[in-house]
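Enquirer: Here it is, the structure in full.
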């Protein structure tokens, strides 16, 4: 397998405490930058009174609780997070449905290096009564067979891709043979209000397991920065 994860993390200059591995180590999410603090939130809320504080008091925590419980969310938009995400294409597609985020992604039009594919650590069966759901009912034997089939499909797709490049086919067309399990890397920036909405939806029992791992990793990364908000929303 490629060592892209280590190289990308190094080039992005993300310290170990600011990234979390997911999907059995095949994917990860890193916190690149943060604008604002919980103090920023209460200052934004009180700007109409011309008030400003330099640190939080119990009164400010009460205000945070009021804002969140009554969904007065505009002050939350003044705290912004930038993440770097390494995930399968199908997770990227689900993530990009959240159009309140800003995204920039690696392009296979420009590079064919460090290609790698996701193979689920646990292969799930299709739910019989929910088209969007999966269940953990496959036997160990069937899981092993399924994972072997995925590995074989990935090798074949990569061979075809490399053959097309050798024939002189442009990357932007050759990439079309690569599967949805191809790993990709993108930057994603979002304000706290929309991040909370994302996490409410994606760390939910109805969300796909893979994207839920990323949502839980994000909570782990941002909880130390917004401890009062995290407690109020019940993380």
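Enquirer: If you build the convex hull over the alpha carbons only and average its shadow over all orientations, what do you get for region 24-77? Give it in nm² to one decimal. Mind dumping the intermediate values first?
Expert: Values: hull surface 22.7 nm².
About 5.7 nm², averaged over all directions.
Enquirer: On to the next question. Starting from 0.36 nm per residue, how many nanometres of slack lie between residue 137 and residue 216 once their C-alpha separation is accounted for?
Expert: Values: separation 79, 0.36 × 79 = 28.44 nm, distance 2.37 nm.
Taking 0.36 nm per residue and subtracting the Cα distance, the gain is 26.1 nm.
Enquirer: Still on this structure: If one takes the longest principal axis of the Cα atoms in the chain, at what angle in degrees, from 0 to 90 and to the nearest 10, does the Cα axis of helix 140-166 lie?
Expert: In the chain, helix 140-166 runs at an angle near 80 degrees to the longest axis.
Enquirer: To continue, here is another question. What number, in percent, do you get for the relative contact order of region 86-230 if the mean sequence gap of Cα pairs under 8 Å and at least 6 apart is divided by its residue count?
Expert: Details: 134 pairs, mean separation 52.3, N = 145.
36 percent.
Enquirer: Suppose only helical runs count, i.e. DSSP H with n ≥ 4. What mean residue ellipticity at 222 nm does that imply for the chain under -39500 (n - 2.57) per run, divided by all residues and rounded to the nearest 500 deg cm²/dmol?
Expert: On the way: 9 runs with 98 residues, N = 235.
Helix contribution divided over all residues of the chain: -12500 deg cm²/dmol.
Enquirer: Same structure, new question: Quick one: angle between helix 209-222 and the longest Cα principal axis of the chain, in degrees between 0 and 90, rounded to 10, please.
Expert: Orientation of helix 209-222: about 40 degrees from the principal axis.
Enquirer: Going by the alpha-carbon gyration tensor, a ≥ b ≥ c the square roots of its eigenvalues, is region 137-187 rounded (a/c under 1.5) or, if a/c is not under 1.5, prolate (a/b greater than b/c) versus oblate?
Expert: Details: a/c = 4.53, a/b = 1.95, b/c = 2.33.
It is oblate, given that a/c is not under 1.5 and a/b is not larger than b/c.
Enquirer: A further question follows. Using only Cα atoms, tell me the angle between helix 192-202 and the longest principal axis of the chain; keep it within 0 to 90° and round to the nearest 10.
Expert: Between helix and principal axis, roughly 50 degrees.
Enquirer: I'm spelling it out carefully: the read-out is volume of the Cα convex hull per residue in Å³, the candidates are (i) 149; (ii) 129; (iii) 115, and one was derived from this structure. Which label?
Expert: Step by step, volume of the Cα convex hull per residue in Å³ for this structure corresponds to label (i).
Enquirer: Points 7 angstrom from Cα along the Cβ direction at residue 51 and residue 103: gap in nanometres?
Expert: 4.0
Enquirer: Calculate the spin-label point distance for residue 90 paired with residue 155, positioning each point 7 Å from the Cα along the beta-carbon direction, and give it in nanometres.
Expert: About 2.2 nm separates the two model spin labels.
Enquirer: Once the convex hull of the C-alpha atoms of region 9-99 is built, how many Å³ does it hold per residue, rounded to a whole number?
Expert: Per residue, the Cα convex hull of region 9-99 comes to 155 Å³.
Enquirer: Where the centroid of each part is defined by its Cα atoms, how far is region 145-161 from region 178-202 in Å?
Expert: 26
Enquirer: A further question on this structure: Find the relative contact order for region 31-146 and round it to a whole percent, using C-alpha pairs within less than 8 Å whose residues are 6+ positions apart.
Expert: On the way: 74 pairs, mean separation 27.4, N = 116.
Contact order relative to length: 24 percent.
Enquirer: For region 83-178, compute the orientation-averaged projected area of the C-alpha convex hull (one quarter of its surface), in nm².
Expert: Details: hull surface 32.8 nm².
Value for region 83-178: 8.2 nm².
Every number in this text was worked out from the coordinates using simple rules, so none of it is lab data. In this text the structure is predicted, and so the values were computed from the model without any measurement. Note that we place each Cβ from the backbone using ideal geometry, even for glycine, and neighbour counts take in every protein chain shown.
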